[in-house]
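The values are calculated or read from the model by the stated rules, or taken from the named source; none is laboratory data. Worth saying up front: this structure is predicted, and the values here are computed from it rather than measured. Neighbour counts are summed over all protein chains in view; Cβ atoms, including those assigned to glycine, are modelled from backbone coordinates with ideal geometry.
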Amino acid sequence: MYVTHDFTICFDETQYIAQVGGSLSNLLARPNVRASWVAALDDARRLLRPAAAWDTFAIKEFRHERLVLANGTRIGGGPVASVVAGASELAVGVCTVDGAISSRATELQAEGQRLRAMFLDDLGSWAVDQVRQQLCRGIEAAAKGRGWRASASLSPGESEWSVSEQSVIFGLLDTQPIGVVLTESLVMSPIKSLSLIVGLGPGPLGVEGASNCDFCTIRERCNYRRLRIMQTGEQ
Amino acid sequence: MKDKLITAIADMNEEEAMQLVRAMLEAGEDPQSILDAASEAMTIVGKRFDEKEYYLPELIIAGDMMKAVGELVKPKLRAQARSTKTAGKVVIGTVAGDIHDIGKDVVTFMLDVNNFEVHDLGVDVPAATFVAKIQEIQPDIVGLSGFLTMAFDQMKRTVEAIKEAGLRGNVKIMIGGAIMDASAAEYVGADAFGADASAAVKLAQGWVAQAGPRSSALAR
């Protein structure tokens with residue numbers, strides 16, 4: 001299993017304003033709103049601890065909409081089998097920015113600093129999406145290094161892939177080194193965490209070059225997708 | 001001045017709004033009518049949010065203004081031995097297995113500024129926690145929020161737990177979330193769904209008005 005902390009998180013104010021909407025630009029001209037924003041940025045930069053754990057697993061066979069891994073684990077449902085169709089291996093990963101951001105946002109909320117708390121919470125979500133993107137690019141680069149290809153990535157809960165599959169992912173990885181656990185109700189803790197799979201193989205795969213947004217039902221109104229497009233140009 | 005106050009709050013002019021409130025109080029304006037004007041402004045803010053003219057920061061700033069107005073008029077209200085009526089009690093939360101909170105927070109905010117006493121249980125809330133809170137505060141309304149498809153079953157389990165605890169007859173239950181609709185409400189055993197925050201407030205107000213004075217629980 002691979003554990004990495006080597007991620008670069010970038011918060012660009014212009015991109016954030018564009019994502020939120022034009023009115024934020026006017027609001028940020030006010031000293032109190034700007035102070036909340038700057039303080040939240042400081043908090044985020046100080047508290048972010050990006051990390052990811054991932055590994056690859058040989059795929060034994062595709063059985064209907066599920067994959068059977070060489071270790072006997074069955075994973076899939078929803079669009080999984082069609083997205084990774086043709087893959088020989090499945091990369092499975094969990095990434096996080098740690099729980100300190102959420103704890104701080106909760107503290108700020110309790111203190112009545114609601115605007116700063118909202119900014120910080122938003123920054124945490126934006127950061128974990130950046131970790132996800134960088135992890136996927138890393139997995140893709142590793143595959144290319146072997147002359148292989150990588151499919152689009154998918155996360156439980158996206159599209160029709162059931163969130164209950166989180167337990168399968170956490171059964172495959174030891175996420176203790178990055179401090180992420182799965183609660184009884186299948187929620188990752190810290191909350192600012194994401195899990196994902198990517199199909200890998202030497203030949204063409206089911207869906208390549210697409211983003212997880214392409215499988216998401218709220219893609220047209222998702223703020224984080226807008227941010228991602230601004231940062232990476234990815235559609 | 002009342003209209004100016006409404007415009008100042010709705011347009012996010014905090015300083016002007018507070019100056020107006022102070023001036024109105026000094027001029028002997030009825031504090032209740034100042035609060036009513038602020039509530040009217042909040043309705044405009046909510047509408048602008050629904051129309052995507054405003055985003056969460058404006059809701060938060062408006063909420064802070066409403067709070068500040070409340071602080072300024074409270075002493076006068078006390079002096080008049082009048083109190084702001086609570087429209088009703090609401091217990092709200094995102095059901096277990098789901099951590100999405102933006103929609104729930106907006107509904108909480110809108111109910112709050114419309115004089116509801118809102119008890120927000122947060123996210124990933126187990127059915128037993130809803131039941132315990134209902135037993136504790138005896139709300140009129142329970143709001144179940146969820147964004148994921150798996151929230152349907154968790155909402156159903158929560159409604160069943162409320163029923164098993166013998167509390168279903170005492171509360172109206174609404175559900176909300178991007179994927180919720182009338183058929184989801186029927187599936188989970190809720191009374192209705194709120195398509196957005198404004199709809200949720202209208203539902204809550206309608207139920208309370210139907211039930212009469214606050215002291216009488218909302219019977220199904």
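Structure notes:
- Screening the stretch A:112-143 for residues that are over 21 Å from the mean Cα position of the chain (by Cα) and surrounded by fewer than 22 Cβ atoms within 10 Å (Cβ to Cβ) and picking the one that is modelled with the lowest pLDDT gives A:Gly112.
- Subset of the stretch A:189-221 that is touching a helix residue (DSSP H, G or I) at 6+ places or on another chain (Cβ under 7 Å) and within 14 Å of chain B (Cβ to nearest Cβ) - its residue that is modelled with the lowest pLDDT: A:Arg219
- Taken together, the residues in the stretch A:88-101 that are buried (at least 21 other Cβ atoms within 10 Å of the Cβ) and under 11 Å from A:Asp43 (Cα atoms) amount to 1.
- Some residue of the stretch A:139-151 being more than 14 Å from every other protein chain (Cβ to nearest Cβ), within 23 Å of A:Gly99 (Cα to Cα) and in contact (Cβ under 8 Å) with a residue 24 or more places away in the chain: no
- The set of residues in the stretch B:181-199 being in contact (Cβ under 8 Å) with a residue 24 or more places away in the chain and under 16 Å from the mean Cα position of the chain (by Cα) consists of B:Gly194, B:Asp196, B:Ala197, B:Ser198.
- Which listed residue is in a helix (DSSP H, G or I), surrounded by fewer than 20 Cβ atoms within 10 Å (Cβ to Cβ) and either modelled with pLDDT under 95 or within 12 Å of another protein chain (Cβ to nearest Cβ) (or both), from A:Glu165, A:Glu107: A:Glu107
- Failed condition for B:Met110, given (1) surrounded by 21 or more Cβ atoms within 10 Å (Cβ to Cβ); (2) at pLDDT 85 or above; (3) part of a helix (DSSP H, G or I): (2)
- Comparison of B:Lys156, B:Lys172 shows that the only residue that is among the basic types (Lys, Arg) and either under 30 Å from B:Ala38 (Cβ atoms) or under 21 Å from the mean Cα position of the chain (by Cα) (or both) is B:Lys172.
- Test: residue in the stretch B:148-169 that is in a strand (DSSP E or B), of a type in the set (Lys, Arg) and assigned by TED's automatic domain parsing to the domain that holds B:Thr94: no
- Taken over the stretch B:57-86, residues that are of a type in the set (Gly, Ala, Ser) and modelled with pLDDT of 85 or more amount to 2.
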